[in-house]
1. Hey, does the range 103-121 have a residue that's assigned to a helix (DSSP H, G or I), surrounded by 17 or more Cβ atoms within 10 Å (Cβ to Cβ) and among the basic types (Lys, Arg)?
2. Does residue 69 count as at pLDDT 95 or above, away from the ligand (no atom under 13 Å from the Cβ), β-branched (Val, Ile, Thr) and within 12 Å of the chain's Cα centre (by Cα)?
3. Would you pick out the residues in the range 40-58 that are surrounded by 14 or more Cβ atoms within 10 Å (Cβ to Cβ) and assigned to a helix (DSSP H, G or I)?
4. Which condition breaks for residue 174 when tested against (1) crowded, with 17+ Cβ neighbours inside 10 Å; (2) under 24 Å from residue 74 (Cβ atoms); (3) not basic (Lys, Arg)?
5. Among the residues of the range 87-102, which ones are outside any loop (DSSP other than H, G, I, E, B) and crowded, with 20+ Cβ neighbours inside 10 Å?
6. Any residue at all in the range 77-86 that's in contact (Cβ under 8 Å) with a residue 12 or more places away in the chain, within 24 Å of residue 131 (Cβ to Cβ), within 16 Å of the ligand (Cβ to nearest atom) and surrounded by fewer than 17 Cβ atoms within 10 Å (Cβ to Cβ)?
7. Could you check the range 123-133 and list, in sequence order, the residues that are out of contact with any His (no Cβ under 9 Å at 6 or more places or on another chain) and either crowded, with 19+ Cβ neighbours inside 10 Å or not in a helix (DSSP H, G or I) (or both)?
8. If you check every pair at least six apart or on different chains, which have Cβ atoms under 6 Å apart with a residue in the range 36-49 that is more than 17 Å from residue 26 (Cα to Cα) first and a residue that is surrounded by 11 or more Cβ atoms within 10 Å (Cβ to Cβ) second?
Amino acid sequence: MSEVKQEVIFRRSKRVTLRPVLEQDVPLLLKWINDPEVSKYLKVHLPMMEADENEWFTSMHKRKPRDMVVAIVVDDKPIGTMGLHGIDHRQGHATTGALIGEKDCWDKGYGSEAKMLLLEFAFNVLNLRKVYSNVIAFNERSHAYSLKCGYKEEGRLKDHHYAQGKYWDQIWLSVYRNDWELLWETFRKEHEGFLMV
Ligand SMILES: CC(C)(COP(=O)(O)OP(=O)(O)OC[C@H]1O[C@@H](n2cnc3c(N)ncnc32)[C@H](O)[C@@H]1OP(=O)(O)O)[C@@H](O)C(=O)NCCC(=O)NCCS
């Protein structure tokens, strides 16, 4: 009997699907988070063990509704994760994190496409007014993709992060709903017929 493929979709655009993280993703998460070419851009530095990843996965539901993480899927393959953290309804803000672990998928616009879908959820469903994130100054790719999604620099913590034998600034970036809405208009037209939001 042929297997029926069950596709889980949380959000979708032309090339990107966001779906909940599944248990079957855990080995990939382990590969991505331990890859030094990926983790150098993140705050983690100690080796992540299978037990750490399993615990992270099984405890994820307990962090609702303040935190949510989704898998980024392209051509039916998970390539990374993206999330909203510290969702604060009183202040109307949350922070974001992203990790595309498949390095051959960098610089193809998947990150910004996924981020536009996540921001649509943050602004149009959660009714947040501001989403912020921080990036280590040498992570020019992350800085650039955030700007593409409407983020603007709000400030810097000088010499805040030690990596590669020296201290780097930590840059704080935010996107406000009004600024994002203008970009969303264009995005919506470009993705017409594909969008599931
Ligand atoms: C950061 C990340 C999510 C971005 O996703 P992505 O799909 O690679 O990003 P996009 O392709 O949408 O945008 C990247 C942009 O950065 C630009 N870029 C890449 N390297 C650059 C550099 N050294 N200087 C300036 N711009 C750069 C690209 O040209 C592209 O812009 P363009 O589309 O205008 O040409 C992904 O690369 C990633 O997960 N990296 C590793 C982990 C990480 O850094 N996470 C974020 C921590 S804050």
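1. Yes, the conditions are met somewhere in the range 103-121.
2. Yes; evaluated as a whole, the condition is true for this residue.
3. Listed by number, the residues that qualify are 52, 53, 54, 56, 57.
4. It is condition (2) that residue 174 fails.
5. Hits for the range 87-102 are 87, 94, 96, 98, 99, 100.
6. yes
7. 123, 133
8. So the pair list comes out as 41/139.
The values are calculated or read from the model by the stated rules, or taken from the named source; none is laboratory data. Because the structure is a prediction, the values reported are computed rather than measured. For neighbour counting, all protein chains shown are included, and Cβ atoms are generated from backbone atoms with ideal geometry for every residue, glycine included.
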